[in-house]
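Visitor: I have a structure here, written as structure tokens, and I will follow up with some questions on it.
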């Protein structure tokens, strides 16, 4: 028994040590990217600021999400949570899929979940703002900088978010994923190519962009595509890079 306990403790320690090692590697990569951004990116009157949404402007509002779950019909919610086929398919979904893709797949698994889609939508779009990021956006707007959104969000989802968060009314335009393009999205290089074509159609030089995203893989591809980019970790780090 003591030997088994020691093995379990050793495995737990190894797991957390490995996770810490992975996090350190990730932090080192982020630091290298942002150090390069600090040296290469310079804000000018022609600069166009391009923001991601989740993890930069908005984050999940877990308190409100908890309230939604608590107020949902218990029998309906319970039947969803214990459905083994649904759990399996949700587990197999990719983390880069849009809300619409996920909900459509869930409906394909079992049409009876249609009555619960409203709960899923509410949970998905129950978010709160990063106050300091929103303050930065308002300040940039006052200084007449052009502001864009580059997001894996869909048009329908964006309508919901804009209704709940007027901060998005400050943006000049948005480039989103669509059903017409089979939901291609970041970090797919094709998504960035279409975005570059889109902004060039607006007479914007990609070199004048500053793209801000919290996911390192999105930033790496954007940099490779010639879009100056920053990994968002916190507002102080971002301000340090932007306003030297």
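Visitor: For an R0 of 51 angstrom, estimate the FRET efficiency from the Cβ-Cβ distance between residue 172 and residue 3 and round to the nearest 0.05.
Guide: Numbers: r = 65 Å, r/R0 = 1.28.
The computed FRET efficiency comes out at 0.20.
Visitor: Would you mind ranking 51, 168 so that the residue whose beta carbon has the fewest other beta carbons within 10 Å leads the list? Don't skip to the end; give the middle numbers.
Guide: On the way: 51 24, 168 20.
Ordered from fewest to most neighbouring Cβ atoms within 10 Å, 51, 168 come out as 168, 51.
Visitor: Let me ask something else. Using 1/(1 + (r/R0)^6) with R0 = 22 angstrom and r between the beta carbons of residue 46 and residue 244, what's the FRET efficiency to the nearest 0.05? It would help to have the intermediate numbers written out before the result.
Guide: Values: r = 17 Å, r/R0 = 0.79.
After rounding to 0.05, the efficiency reads 0.80.
Visitor: How many nm is it between the label spots at residue 36 and residue 236, if each spot is 7 Å from the Cα in line with the beta carbon?
Guide: 2.6
Visitor: If you don't mind, there's one more thing I want to ask. Which whole-number percent of Cα pairs in the range 129-244 have a distance greater than 19 Å?
Guide: Details: 3273 of 6670 pairs.
Considering the range 129-244, 49 percent of its Cα-Cα pairs are separated by more than 19 Å.
Visitor: Please rank 238, 103, fewest neighbouring Cβ atoms within 10 Å first, as an exposure proxy. Walk me through the numbers before you get to the answer.
Guide: Numbers: 238 21, 103 18.
Listing 238, 103 from fewest to most nearby Cβ atoms yields 103, 238.
Visitor: What FRET efficiency would be calculated for the residue pair residue 193, residue 143, taking the C-beta separation as r and a Förster radius of 35 Å, to the nearest 0.05? Numbers along the way, then the final one.
Guide: Values: r = 30 Å, r/R0 = 0.86.
Efficiency for this residue pair is about 0.70.
Visitor: Classify the range 175-231: rounded, prolate or oblate, from the alpha-carbon gyration tensor (a ≥ b ≥ c, eigenvalue square roots; a/c under 1.5 rounded; otherwise prolate if a/b is larger than b/c)?
Guide: Numbers: a/c = 2.05, a/b = 1.09, b/c = 1.88.
Judged from the Cα gyration tensor, the range 175-231 comes out oblate (a/c at least 1.5, b/c at or above a/b).
Here, each number is a calculation from the coordinates, and none is a lab measurement. Note that the structure is a prediction, hence the values are computed from the model and not measured. Glycine gets a Cβ as well: all are built from the backbone with ideal geometry, and neighbour counts include every protein chain shown.
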